[in-house]
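Participant: Below: one structure in structure tokens.
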Amino acid sequence: MLFKWTLLAAYSAIAQAGTVIWDGTFNNFNSPSDFDKWSWANQVGTYQWYIHGSGATSNYLNLDSSYKNPAQTNEKHGLKMTIDTTATWNSQMERAELIPQTTANLGTGTLFYHFSIKRSNTNAPDSSLEHQIAFFESHFTELKYGVSPNPTNLQWHVGGVSKWGTPFTADTWFNFAYEINFSAQTVGLWHSTGGNPLTKVVQNIGASTYTNSADFHVGVLRIVNRNPPEDWYWSGVYIESGSINTAIGNGSGGGGSTTTRPATTTTAPSSTSTPTSTSTTTTTTASGPYQTQWGQCGGTGYTGPTECAPPATCKAVSPPYYYQCQ
């Protein structure tokens, strides 16, 4: 009888599991050079890799089994992402970002964007400088670090406003899932640490949800360019539809359920910070090609297009460092 109930429980969990529509784990990459196989002319693999500095890919991306969340037993290795003064792309901001390479529609219905991040005390992120992490081009939702009201917290932002935060302690894996309802234009947050199952920490709230399926940035952008370098660790990246899978690998480090439907008992915290920028500033325009909507159009050291394709206009996001066509 016990065996029968165990089987029934297992089948129930499988029935509630979501469908992975894009697998961003790093199992298909064996060395940094594998990321270089992708190009605009040869769009292969699971990631676009073009937002990085002028150095070798091994300066910014490295793979190792010690870089993954130990609970993720289905992963061969995780990713260590490094930003330094050479990690510049179209501006002087430090950035290294991977973009999904897929034909799947990553902007329809209700989807769960999963990822886990970690830092260590070696090449630790600078909490005095703003970082934008795991963001969309329009920044309708993202993580931030090094911003008020608690610069040492990882903060979840919606539309530039902090909605939730937690201390970004060293050598702890922080697991997240953005629950995005593209039809209802809402977004919520799931979170856990280590191998503990995800729980919903913020109920869905209104947001200008949009993606063209190629603008989710698995990476980090630091507004100010200066030494020393920083290391960020990534694991458990994937996107699913249907019901959320709350399990983190095999759950080691804190057991729990395997899958569950979205919870309805958590409470949404009140906003604790002001929007990143409320001003609307158009940069100096120049003749030449237009920048597309949500693309960068100005900022310190930026050398790309400064004129936006109508009806978008160039607006200040993090002045004077970053302006965007909106």
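Participant: Go through Lys163, Lys200 for me and flag whichever is assigned by the TED database to the domain that holds His131, crowded, with 19+ Cβ neighbours inside 10 Å, of a type in the set (Lys, Arg) and under 25 Å from Ala104 (Cβ atoms). Full working, then the answer.
Facilitator: Numbers: Lys163 fails: under 25 Å from Ala104 (Cβ atoms).
Going through Lys163, Lys200 in turn, the sole match is Lys200.
Participant: In addition: Kindly establish whether Gln72 is in contact (Cβ under 8 Å) with a residue 60 or more places away in the chain and part of a loop (DSSP other than H, G, I, E, B).
Facilitator: On the way: in contact (Cβ under 8 Å) with a residue 60 or more places away in the chain: yes; part of a loop (DSSP other than H, G, I, E, B): yes.
Yes.
Participant: What is the residue count in the range 161-182 for residues that are within 15 Å of the chain's Cα centre (by Cα) and of a type in the set (A, V, I, L, M, F, W, C)?
Facilitator: Within the range 161-182, residues that are within 15 Å of the chain's Cα centre (by Cα) and of a type in the set (A, V, I, L, M, F, W, C) number 5.
Participant: If you go through the range 292-315 one residue at a time, how many are open to solvent by 50 Å² or more (accessible area, probe 1.4 Å) and in a loop (DSSP other than H, G, I, E, B)?
Facilitator: Of all residues in the range 292-315, those open to solvent by 50 Å² or more (accessible area, probe 1.4 Å) come to 292-294, 300, 303, 307, 310-311, 313, 315.
If we keep only those that are in a loop (DSSP other than H, G, I, E, B) too, we end up with 292-294, 300, 303, 307, 310-311, 313.
Number of matching residues: 9.
Participant: Considering every residue within the range 108-131, establish whether at least one is touching a Pro at 6+ places or on another chain (Cβ under 8 Å), assigned by the TED database to the domain that holds Gly236 and part of a strand (DSSP E or B).
Facilitator: Yes, the range 108-131 contains at least one residue that is touching a Pro at 6+ places or on another chain (Cβ under 8 Å), assigned by the TED database to the domain that holds Gly236 and part of a strand (DSSP E or B).
Participant: What pairs can you find where one residue is in the range 155-173 and touching a residue at least 24 places away in the same chain (Cβ under 8 Å) and within 20 Å of Asn69 (Cα to Cα), the other is open to solvent by 30 Å² or more (accessible area, probe 1.4 Å) and in a strand (DSSP E or B), and their Cβ atoms are less than 6 Å apart, with a gap of 6+ or different chains?
Facilitator: The qualifying pairs are Thr172/Thr193.
Participant: Taking the condition of being closer than 23 Å to Pro320 by Cα and either of a type in the set (A, V, I, L, M, F, W, C) or over 15 Å from the mean Cα position of the chain (by Cα) (or both), how many residues in the range 184-229 meet it?
Facilitator: Of the residues in that region, 9 qualify.
Participant: So which residues in the range 37-62 are assigned to a strand (DSSP E or B), in contact with a helix residue (DSSP H, G or I) (Cβ under 7 Å, 6 or more places away or on another chain) and among the aliphatic types (A, V, I, L, M), if there are any at all?
Facilitator: Residues of the range 37-62 assigned to a strand (DSSP E or B): 47-51, 61-62.
So of that shortlist, the ones also in contact with a helix residue (DSSP H, G or I) (Cβ under 7 Å, 6 or more places away or on another chain) come out as 47, 49, 61-62.
Selection gives Leu61 alone.
Participant: Say whether the condition of being open to solvent by 10 Å² or more (accessible area, probe 1.4 Å) and small (Gly, Ala, Ser) is met by at least one residue in the range 173-180. Please lay out each step first, then the result.
Facilitator: Quick first cut of the range 173-180, residues open to solvent by 10 Å² or more (accessible area, probe 1.4 Å) only: 173, 179.
Now narrow it down to the ones that are small (Gly, Ala, Ser): none.
No, every residue in the range 173-180 fails to be open to solvent by 10 Å² or more (accessible area, probe 1.4 Å) and small (Gly, Ala, Ser).
Participant: Can Ala247 be described as of a type in the set (A, V, I, L, M, F, W, C), modelled with pLDDT of 95 or more, open to solvent by less than 60 Å² (accessible area, probe 1.4 Å) and not assigned by the TED database to the domain that holds Thr82?
Facilitator: Details: of a type in the set (A, V, I, L, M, F, W, C): yes; modelled with pLDDT of 95 or more: yes; open to solvent by less than 60 Å² (accessible area, probe 1.4 Å): yes; not assigned by the TED database to the domain that holds Thr82: yes.
Spelling it out, Ala247 is indeed of a type in the set (A, V, I, L, M, F, W, C), modelled with pLDDT of 95 or more, open to solvent by less than 60 Å² (accessible area, probe 1.4 Å) and not assigned by the TED database to the domain that holds Thr82.
The values are calculated or read from the model by the stated rules, or taken from the named source; none is laboratory data. The model shown is predicted, which means the values in this text are computed figures rather than measured ones. Cβ sites come from the backbone with ideal geometry, for glycine too, and all protein chains shown count toward neighbours. All accessible areas refer to the heavy atoms of the entire protein, side chains included, with ligands and DNA or RNA removed. Shrake-Rupley method; radii C 1.70, N 1.55, O 1.52, S 1.80 Å.
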